[in-house]
Structure formats: structure tokens, C-alpha cells
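Please read the structure below before turning to the comments.
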Amino acid sequence: MTEKTDIAKLYREFDEALADFVSASLSVDDDPAVVLPRRVRLAKARERLCSHPDVEQAKYDRIVLKAWDMKRRWK
């Protein structure tokens, strides 16, 4: 049960980090001081998620596609 909770938490952290990064990159000024820390957070969340043995590529892809869709709607 703990392992399932861990993977769910990792998916959630990755989803939140990706959404935060996309939102910051869509800001008017696209300030590196704002975007860079979010990019680092995203990279760490992705690394933690992808290193888990139970990660599902399809679920990962859905999270990325959801963020990509959000970005397309803002343009």
C-alpha cells in the first residue's frame, strides 16, 4: 500500500511541477528568475517519478499532453 501511495504522490508532484513550469513560461515577461527555479523543480520531479519502478509511460504521457494542451490554449 505504501508503494502505491508513493507512486501516486510522485505523479501528483510531477503534474504540479509541470503545470507550474508551463504557467511561468507563458507569463508576459518570461523572466528567467521566475522560470529557472520551476524548471529545476520540474526536472527533479521528473527524475524522481521516472526512477520509480512502477511508473507507467501512458500515465506520464497523459500528464505531459495535458500540460501541452494547456499551453496551446494560452497561445
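Among the residues of the range 54-62, are any of a type in the set (Val, Ile, Thr), closer than 26 Å to Ile7 by Cβ, open to solvent by less than 80 Å² (accessible area, probe 1.4 Å) and in contact (Cβ under 8 Å) with a residue 24 or more places away in the chain? Looking for residues that are of a type in the set (Val, Ile, Thr), closer than 26 Å to Ile7 by Cβ, open to solvent by less than 80 Å² (accessible area, probe 1.4 Å) and in contact (Cβ under 8 Å) with a residue 24 or more places away in the chain, one finds at least one in the range 54-62, hence yes.
In the range 11-23, of all residues being more than 12 Å from Met70 (Cα to Cα) and open to solvent by less than 30 Å² (accessible area, probe 1.4 Å), the one that is farthest from the chain's Cα centre (by Cα) corresponds to Tyr11.
The values are calculated or read from the model by the stated rules, or taken from the named source; none is laboratory data. Nothing here was measured: the structure is a model prediction, and the numbers come from that model. Backbone-built Cβ (ideal geometry, glycine too); neighbour counts: all protein chains shown. Note: accessible area is taken over every heavy atom of the protein model, side chains too, but ligands, DNA and RNA are not part of it. Shrake-Rupley method; radii C 1.70, N 1.55, O 1.52, S 1.80 Å.
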